[in-house]
Amino acid sequence: MEKIDTATPDLTMENEAKLLDLFPQVATEVIGKDGEVSRSVDFDALRELLGDVAEGQRERYQFTWPGKRAAKEEARKPINKTLRPCPEKSVDWDTTENLYIEGDNLEALKLLRETYAGKVKLIYIDPPYNTGHDFVYDDDFAMTNSEYIAESGEYDEEGGRLVANTESNGRFHSDWCSMMYPRLVLARDFLSNDGVIFISIDDNEQENLRKMCDEVFGEDNFVAQLIWERAYSPKNDAKYVSNSHDYVVCYTKQIENFQIGRLPRSAEANARYKNPDNDPRGPWMSDNMTVKTYSPSTDYPIETPSGRIVEPPAGRCWSLSRNAFRERLQDNRIWFGSDGSGVPRIKRFLSEVEGRGMAPTSILFYKEVGHSQEGAKEVIGLFDDKGYFDGPKPTRLLRRIITLANLKEGDIVLDFFSGSASTAHALFAQETEKDTGYHFILVQVPEETDPKREASKDGYSTICEIGEERIRRAGAEIKTEIEEANKQPKIGEEPKKVPDVGFRVLRIDSSNFNDVSAAPDQYEQTSIDLFVDNLKPNRSDLDILFQVLPKFRIPLSAKIEELDIDGKTVFDVNDSQLVACFSSQIDNRTIERIAQMRPLYAVFRDACLADDAIAANLEELFKTFSPDTVRRVI
């Protein structure tokens, strides 16, 4: 049976395979570092095939910085890690379809990519703004023991660290770009063909962010750079100008497939529609009938009801052909003013635009979407008047973004700079209002809280713990509100359903298995037992299952039923989509009963098959009872 590779895919190999599928004639063979011959791309042959391309020292337009090549390599590099389930931290573990992941977001994106590539409708991120005071992820920062002791900073168990990117750092912008670039590259893979990403940013890095996004997503897929009015009053102590805004940059995966969500019509907008001529079709508004794109065929004189002859202004023409104009004139859709002598205008009826909503504007006013203090008050309100976060985004801003993303039932939202978990809170509120269910995946590095701050004193040791607690409290609050409202429903209204306010917590950790890929002479005698059973201590069968699920592209929110078959623990995932058994000393009887379940996939631990004869019989038993099942060992 084929053995499962526990590492994430090598994106370089994936990209080479895609090129060879498109251009098989550029295939060649090379000897790798391991001495093995493998297929590769002959780039000289590819250049000949493509013709004249930018190369060498030829001048070209490009955006670069010191470390860009390494950042690209970082995105492609595989890792051998896993997501370990934490049911004790979760809410509604068995039924929820929401995920909260503790760990470095670059690693999380690599671990999630196999399962969720092409399946996410909306990505929203609020990354560090690089103000000189916030932290950035220092990727690939392996430290020796002496360096670990000598240097300061926040470290994870493998020597990686979060570092403050101060303005005195000579690589101030370069480090930020190197941190963001691989995450954006991987994020694009998650978007569905009609998917969209929104990124909050300020003046410090908005220009660099735009250039990176133009490169990663394509400048043709740029939608807008929204301006969010985050402050409602000026700061008189500002050195030059009191900054009252941030930005929200928006790109799509494929702009021709994206349809932006329109806003509900406001009473103020509807009030602009009048009915001065008592048209039976109701209120209307007149619209300009001229356009800049000049065409001689639509440049003609029009006689008004008063007998006045009017023509389009110089350089412009009418937006309607002669025939189209006559049709609308007969249908009383042309307005010449109250005295019948004005320049003709087209009548737009409220009844015909009411259902389409309003086009969003590029300025997000705080009166409509909230300001930064509103976001802080929302957290304070949930945590008994404790301000655990600086500058969390208001849920009204996130709800506006959710509206613009045009989410439908069952769509997935990804936020891999989760912070205070405003995204989850906003989704709960939006689901309640729209009576529509969405799912979220939130990722947050477990950065330690400041020992001097209230959060640490109240027992929250990491940002993750605060974010998870916010989701619990916001979910419980919304659930209670709905249940209370349903006790006395309004006449004619159906009771509201409670949204999925649960979430599964998963923690990034090293692989469940020790690496036994080195040559035998590299192992000490005491390590030979690894070849018998290389499972690490304190790793459970459920841990192994969650390392297996991505290999079959099964969602990490899948329904999991734990069965007892002949005293062995067997996991039934999504009603026999996958059946797995990692118990020791599995015998023929257990294998036969699993085969009789006729799963799509079946997975076993090779170290747990009772003996060689059992391993040989496994194939025969499946051929007899479930020949179509894909069998794998780990």
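The chymotrypsin sites (Phe, Trp or Tyr not before Pro) of segment 356-420 meeting both criteria, a DSSP state outside H, G, I, E and B (loop) and at most 14 other C-beta atoms within 10 angstrom of the site's C-beta, are Phe365. Close amide-amide hydrogen proximity is noted between Gly195 and Lys253, Gln254, each under 5 Å apart and 5 or more residues distant or on a separate chain (H modeled in the peptide plane; Pro and chain starts excluded).
Taking amide H as placed 1.01 Å from N in the peptide plane, Ile565 has its amide H under 5 Å from the amide H of Val570, each at least 5 places away in sequence or on another chain.
Modelled this way, with points 7 Å down the Cα-to-C-beta line, the labels at Lys490 and Gln259 are 2.7 nm from one another. Coupling constants for segment 272-281 follow from the phi torsions by the Karplus curve (6.51 cos²θ - 1.76 cosθ + 1.60, θ = phi - 60°), and in residue order they are 6, 8, 10, 9, x, 9, 6, 5, x, 7 Hz; glycine and proline get x.
Within segment 434-476, report the trypsin sites (Lys or Arg not before Pro) that DSSP leaves as loop and that have at most 15 other Cβ atoms within 10 Å. It would help to have the intermediate numbers written out before the result.
Working: sites: Lys434, Lys452, Arg453, Lys457, Arg470, Arg472, Arg473; in loops: Lys452, Arg453.
Listed in order of number, the matching sites are Lys452, Arg453.
The long axis of helix 11-22 is offset from the longest Cα principal axis of the chain by roughly 70 degrees. Using a probe of 1.4 Å on the protein chains alone, the accessible area found for Val443 is around 0 Å².
With an a/c value of 1.5 or above and a/b larger than b/c for the gyration tensor axes a ≥ b ≥ c computed over the alpha-carbon atoms, segment 175-326 is described as prolate. 3J(HN,Hα) along segment 362-373: 7, 10, 9, 6, 5, 5, 9, 10, x, 10, 5, 5 Hz, from the Karplus curve 6.51 cos²θ - 1.76 cosθ + 1.60 with θ = phi - 60°, whole Hz, x for Gly and Pro.
Tell me, in nm to one decimal, what length is gained between Thr293 and Asp390 on full extension, where the rule is 0.36 nm per residue of separation less the Cα-Cα distance?
On the way: separation 97, 0.36 × 97 = 34.92 nm, distance 4.98 nm.
Value of the extension gain: 29.9 nm.
If r is the Cβ-Cβ distance from Glu481 to Lys72 and R0 is 45 Å, what FRET efficiency results, to the nearest 0.05? It comes out at approximately 0.40. Given their separation in residues at 0.36 nm each and the Cα-Cα distance between them, Lys408 and Lys239 gain 56.3 nm when the chain is fully extended. Among the trypsin sites (Lys or Arg not before Pro) in segment 54-133, those placed in a DSSP loop whose Cβ has at most 12 other Cβ atoms within 10 Å are Arg58, Arg60.
Distance from the C-alpha centroid of segment 320-342 to that of segment 1-46: 66 Å, rounded to the whole angstrom.
Between Ala271 and Ile380, the simple spin-label model (points 7 angstrom out along Cα→Cβ) gives 3.2 nm. Sorting the segments 202-215, 7-20, 349-362 by their mean number of nearby beta carbons within 10 angstrom, highest to lowest, gives 202-215, 7-20, 349-362.
Each residue, Tyr61 and Lys367, gets one label point 7 Å from its Cα in the Cβ direction; the gap between the two is 3.9 nm. Averaging the Cα positions of each part gives two centres, and for segment 205-241 and segment 70-87 these lie 29 Å apart.
Kindly state, to the nearest 0.05, the FRET efficiency for Glu562 paired with Ile4, given R0 = 22 Å and r defined as their beta-carbon distance.
On the way: r = 21 Å, r/R0 = 0.94.
Approximately 0.60, to the nearest 0.05.
A helix-only calculation puts the chain at -9000 deg cm²/dmol for mean residue ellipticity at 222 nm, using -39500 (n - 2.57) for each DSSP H run of at least four residues, averaged over all residues.
Converting phi to 3J(HN,Hα) with the Karplus coefficients 6.51, -1.76 and 1.60 and the offset θ = phi - 60°, segment 463-474 yields 4, 4, 5, 5, x, 5, 5, 4, 4, 4, 5, 5 Hz in sequence order, with x at every glycine or proline. Separation of the alpha carbons by more than 32 angstrom is noted, of Lys77/Lys452; Lys110/Lys377; Lys3/Lys77, for Lys77/Lys452; Lys110/Lys377.
How much length, in nm to one decimal, is gained on full extension between Ala613 and His173, taken as 0.36 nm per residue of separation minus their Cα-Cα distance? Show your work: numbers first, answer last.
Numbers: separation 440, 0.36 × 440 = 158.40 nm, distance 6.08 nm.
Extra length available between Ala613 and His173 comes to 152.3 nm.
Between the amide H of Trp284 and those of Lys274, Asn275, Leu350, distances stay under 5 Å, these residues lying 5 or more places away or on another chain, with hydrogens modeled in the peptide plane.
Values [x] 0.98; [y] 1.19; [z] 1.09 are given for comparison; Cα Rg over 2.2 N^0.38 Å, derived from the coordinates here, is the one labelled [y].
The values are calculated or read from the model by the stated rules, or taken from the named source; none is laboratory data. A quick note: this is a predicted structure, and the numbers were derived from the prediction, not measured. Positions of Cβ are backbone-derived with ideal geometry, glycine not excepted, and every protein chain shown enters the neighbour counts. Only protein heavy atoms, including side chains, enter the accessible area calculation; ligands, DNA and RNA are left aside. Shrake-Rupley method; radii C 1.70, N 1.55, O 1.52, S 1.80 Å.
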